[in-house]
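Following: one structure in structure tokens, then a few remarks.
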Amino acid sequence: MKSYTGTGSCLCGYISYTASGEPSFPHLCSCHMCQKWSGAPTVAWVEFSIQDVQWDGAGGEPTFYRSSAKTRRGFCPKCGGTLCALDDGYENVSMTIASLNDPNAIVPDQQHSYQESKPSWWTVKVKPAS
Ligand SMILES: [Zn+2]
Ligand SMILES: [Zn+2]
């Protein structure tokens with residue numbers, strides 16, 4: 001993908017970030033963990049190198065919840081906004097595309113993980129690239 005610079009934040013703005021560099025693996029996930037974590041039927045994700053994401057808001061880094069043995073999910077401790085996920089030992093951080101100030105900038109067209117757990121009433125228009 002092309003190089004990119006974008007800003008994003010949680011709902012209240014306490015946690016905000018600037019992401020730059022080359023985004024990778026923009027995709028959707030409808031797994032039960034993403035659903036419970038976000039309250040949404042599907043979460044759109046994109047990866048950046050960890051050092052390419054600057055947490056530049058008043059709150060600094062998000063608060064992390066360890067959602068599985070090797071994964072932590074980052075959220076705002078004030079408003080609960082869902083921002084990122086980090087796998088232990090992995091060089092990238094997954095950012096929620098919808099927390100970007102311009103969520104149209106990155107299209108999650110590479111994969112739709114756990115489509116089978118998507119609610120039956122939920123139609124997703126983005127088709128994974130074949
Ligand atoms: Zn917040
Ligand atoms: Zn998921």
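Laboratory data are not the source of any read-out in this text; all were calculated from the coordinates shown. Note that this is a predicted model, so its numbers are computed, not measured. FYI the Cβ positions are ideal-geometry reconstructions off the backbone, even for glycines, and counts take in every protein chain you see.
Overview of results
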read-out: Average Cα contact separation per residue, the chain, under 8 Å, 6 or more apart, as relative contact order %; value: 29
read-out: Computed FRET value (nearest 0.05) for THR18 with SER120, which takes r as the C-beta separation and R₀ as 41 Å; value: 0.60
read-out: Distance histogram in 10 Å bins (all Cα pairs of the range 1-77, percent per bin); value: 17, 46, 36, 1
read-out: Most mobile listed residue (SER67, SER120, SER24) in the chain, GNM with C-alpha springs under 10 Å; value: SER120
read-out: Estimated D of the chain in µm² per second, where Rh is the Kirkwood radius over Cα pairs and Stokes-Einstein applies at 20 °C, 1.002 mPa s; value: 145
read-out: PHE25 versus ALA58: modelled label distance in nm, points set 7 Å from Cα along the beta carbon direction; value: 3.5
read-out: Gain upon complete extension [ARG66, ASN101; 0.36 nm per residue less C-alpha separation]; value: 10.0 nm
read-out: GNM top mover of GLY81, GLY89, GLY13 - the chain, alpha-carbon springs below 10 Å; value: GLY89
read-out: Burial ordering of ARG73, ARG66, fewest other beta-carbon atoms within 10 Å first; value: ARG66, ARG73
read-out: Most mobile of ALA69, ALA19, ALA40 in a GNM of the chain (Cα contacts under 10 Å); value: ALA69
read-out: Residues in the range 76-94 reached by a label modelled at GLN51 [backbone nitrogen below 15 Å; 7 Å Cα→Cβ]; value: 90-93
